Amino acid sequence: MIIKISNLSEGIHEYKFNENVKNIGLDEPFFGNFLLNVKLVKTHNQIILNGDLKLNAKFSCDRCAISFDSVINTGYQMVYLVGRQPHDNGSTDVTYLPADADKIDLTNDVHDYAILAVPMKKLCKEDCKGLCFKCGKDLNEGDCGCADESIDERWKPLIENKKNINQ
Ligand SMILES: [Zn+2]
Ligand SMILES: [Zn+2]
C-alpha cells in the first residue's frame with residue numbers, strides 16, 4: 001500500500017484501500033478483505049496520516065469456545081517528518097523520510113496496528129454464559145442443573161434451619 005508523495009500539494013488528501021489481509025502479511029485470525037481510509041494532511045516538511053482500519057477476524061470464545069466472526073475497528077496516527085532521524089528517537093509514531101522520498105509505504109504500519117487491535121478478551125457476546133465447569137454443557141443453550149445441585153449442597157443446613165424455625 002503505497003502513497004506517492006512526490007507531487008503532493010499541501011493540504012488534505014484522502015485515500016481508500018480495500019485489499020485482502022494476505023497482501024499485508026496478515027494471517028489468522030484475520031480473513032477476507034480489510035478497509036483502510038486514510039487522511040493525509042501535508043504541510044511544508046511534515047505529513048500527518050490518520051488511518052481508519054476495519055478488519056474481519058475469526059475468534060474462539062474465551063468462555064464457551066464457540067468460533068465466531070468479529071469486525072475489528074481501529075485507528076492509528078503516523079507523523080512523517082522529512083529530515084534525518086534524531087539519534088535517540090523513542091517515538092514509534094514518527095517516521096523520518098529522506099529529503100528525496102517520493103512515496104510512503106503503509107504496509108508495515110497497517111500490519112502492526114491490526115495485530116495490536118486484537119482484543120485481549122474474546123467473547124462471542126458480552127454476556128456469554130460459558131460452559132458448565134461440571135458437565136461442560138453450553139449454558140447459553142440452557143441450564144444444565146449442576147448449578148442448582150451445588151447450591152442445594154451449600155444451603156442445605158440453612159434451608160433445614162429455616163424449616164425448623166417455621167415449624
Ligand atoms: Zn461464548
Ligand atoms: Zn452442568
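Going down the list Lys42/Lys103; Lys58/Lys134; Lys4/Lys54; Lys22/Lys42, which pairs span over 21 Å between their C-alpha atoms?
Numbers: Lys42/Lys103 13 Å; Lys58/Lys134 27 Å; Lys4/Lys54 23 Å; Lys22/Lys42 30 Å.
Result: Lys58/Lys134; Lys4/Lys54; Lys22/Lys42 exceed 21 Å.
Efficiency by 1/(1 + (r/R0)^6): what FRET value for Thr43 and Ala99, r their Cβ-Cβ distance, R0 = 25 Å, to the nearest 0.05? Walk me through the intermediate numbers first.
Numbers: r = 15 Å, r/R0 = 0.61.
Once the sixth-power term is evaluated, E becomes 0.95.
In what sequence, largest accessible area first, do Phe31, Phe68 appear using a 1.4 Å probe?
Phe31, Phe68
The values are calculated or read from the model by the stated rules, or taken from the named source; none is laboratory data. No experiment lies behind these values; they were computed from the predicted model shown. A quick note on method: Cβ atoms are made from the backbone with ideal geometry, for glycine too, and the neighbour counts reach across all protein chains shown. Please note that ligands, DNA and RNA were not included when accessible areas were found on the heavy atoms of the full protein model with its side chains. Shrake-Rupley method; radii C 1.70, N 1.55, O 1.52, S 1.80 Å.
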